[in-house]
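To start, the structure under review is shown below, and the notes come after it.
Any read-out appearing in this document is the output of simple, stated calculations on the displayed coordinates, not a laboratory observation. Note that this is a predicted model, so its numbers are computed, not measured. Using ideal geometry, Cβ is built from the backbone for each residue, glycine included, and neighbour counts are taken over all protein chains shown.
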2 protein chains.
Amino acid sequence: MQISKGVEWAVHAASMMAALPEGRGLKAAALAHYHGVPTAYMAKQLQALSKAGIVQSSRGAHGGYRLAKPATDISLWDITAAIEGHGPAFRCTEIRQNGPCGLKRKDCKRPCQIAAAFSSAERAFRDSLKAVTLAHIGLQVVRDSEPEHLSDIMHWLESEVMPLSDTP
Amino acid sequence: MQISKGVEWAVHAASMMAALPEGRGLKAAALAHYHGVPTAYMAKQLQALSKAGIVQSSRGAHGGYRLAKPATDISLWDITAAIEGHGPAFRCTEIRQNGPCGLKRKDCKRPCQIAAAFSSAERAFRDSLKAVTLAHIGLQVVRDSEPEHLSDIMHWLESEVMPLSDTP
């Protein structure tokens, strides 16, 4: 069971976007450079976030990305689901219907108890990530960081941030 | 994020083994046939369960598998970890140390807040699966099944069950 690197990159990029002033954005290349990862792969994650309505992009000379809603409204689950999909991790193939004692489909009204147990565990995982928003992450980073490091980040942001047109 | 089919198969096979009388076992081929899945792939899952100390096998003419400990002591997490490994699903690659504002390694004493949030969500997932043992699954199957279905299962078991020698 693995969560792709894309989720890590997307959460870091979105956390950075949470620090942007209103109406400003960052290019995919800047977000990739900041995180030391390839631009093409970072762009792929940003497109997935865009498709999920988590970020907005504007094209052209001033093309860039910003969050599409407040950081308090974007959870780590939203980002994980945007990159990995909403489907269950445990996919019940109804093997209880197989073999010499297989149940008839019509008799399988309730989910298999094994699938139900995994479904419940996945709900616990999801609920835990839903409780953590980009606002929480941002606050924790500010609280845990040395002032010099925060100052480095703000200087970098100032040099890379760009105005964004409202037309995507 | 996906959990392999092997986990589904292994949990079903282990639940079946929980119904075996003391000192009796089932061949990998019988467990595969019962669940309508290929023997080679079922055998692979059983080997992983054996390596994790969840099942015992005896070789030779009487070769077969049985649980290595009571069904009350085997959780769905034990089986999941035996098949998928114990490693975290979210693998932090410390991208906070990358790029123009990267932190120095020596300043990263605390885990990244993003990795910590995923670690906490995975703990919730794990704890949920740890709370469900093969004994719970067995009880629920008995409670939810029609008497005819249970009778079919017991007849099948009687025809396939075999004595197991104690020497693995």
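What to note about this one:
- Gyration tensor verdict on the protein assembly as shown (Cα atoms; rounded if a/c is under 1.5, prolate if a/b is larger than b/c, oblate otherwise): prolate
- Stokes-Einstein D in µm²/s, Kirkwood radius over Cα pairs - the stretch B:19-86 at 37 °C with 0.692 mPa s viscosity: 265
- Per-residue HN-Hα couplings for the stretch B:35-49 [Karplus 6.51, -1.76, 1.60; θ = phi - 60°; Hz; x = Gly/Pro]: 8, x, 10, x, 4, 4, 6, 5, 4, 4, 5, 5, 5, 5, 5
- Ascending distances from the B:Gly63 label point to its copies in the other chains, with the point 7 Å along the Cα-to-beta-carbon line: 6.0 nm.
- Mean projected area (nm²) of the alpha-carbon convex hull when the stretch B:68-130 is viewed from all directions: 5.6
- Footprinting exposure proxy for B:Lys27, B:Lys51 (fewest neighbouring C-beta atoms within 10 Å first): B:Lys51, B:Lys27
- Taking the label point 7 Å along Cα→Cβ, A:Glu94 and its counterparts in the other copies are spaced 4.9 nm apart, in ascending order.
- FRET efficiency, A:Thr93 to A:Glu22 (Cβ-Cβ, R0 35 Å, nearest 0.05): 0.10
- Pseudo-label separations to other copies for B:Ser50 - Cα-to-Cβ vector, 7 Å, nm: 5.3
- Prolate/oblate/rounded label for the stretch A:5-163 (Cα gyration tensor, a/c 1.5): prolate
- Inter-probe distance in nm under a simple model that places probes 7 Å from Cα toward Cβ, at B:Val142 and B:Arg110: 5.0
- Counting other Cβ atoms within 10 Å as a rough exposure proxy, the listed residues B:Ile54, B:Ile79, A:Ile83 run A:Ile83, B:Ile54, B:Ile79 from fewest neighbours to most.
- From phi via Karplus (6.51, -1.76, 1.60), per-residue ³J(HN,Hα) for the stretch A:123-138 in Hz, x at Gly/Pro: 5, 5, 4, 4, 4, 5, 6, 5, 7, 10, 9, 4, 5, 4, 4, x
- Between the listed residues A:Ala40, A:Val161, A:Leu20, the Cα displaced farthest toward the positive end of the dipole of the stretch A:5-163, a dipole computed from Cβ unit charges relative to the Cα centre, is found at A:Ala40.
- Rounded to the nearest 20 debye, the dipole size of the protein assembly as shown about its Cα centre is 380 debye, using +1 on the Cβ of Lys and Arg and -1 on the Cβ of Asp and Glu.
- Of A:Arg66, A:Arg59, the sequence from fewest to most neighbouring Cβ atoms within 10 angstrom is A:Arg59, A:Arg66.
- Rounded to the nearest 20 debye, the dipole size of chain B about its Cα centre is 1260 debye, using +1 on the Cβ of Lys and Arg and -1 on the Cβ of Asp and Glu.
- Averaged over A:96-104, number of beta-carbon atoms from partner chains that fall within 10 Å: 6
- Mean-position separation - Cα centroids, the stretch A:95-109 and the stretch B:1-50, in angstrom: 17
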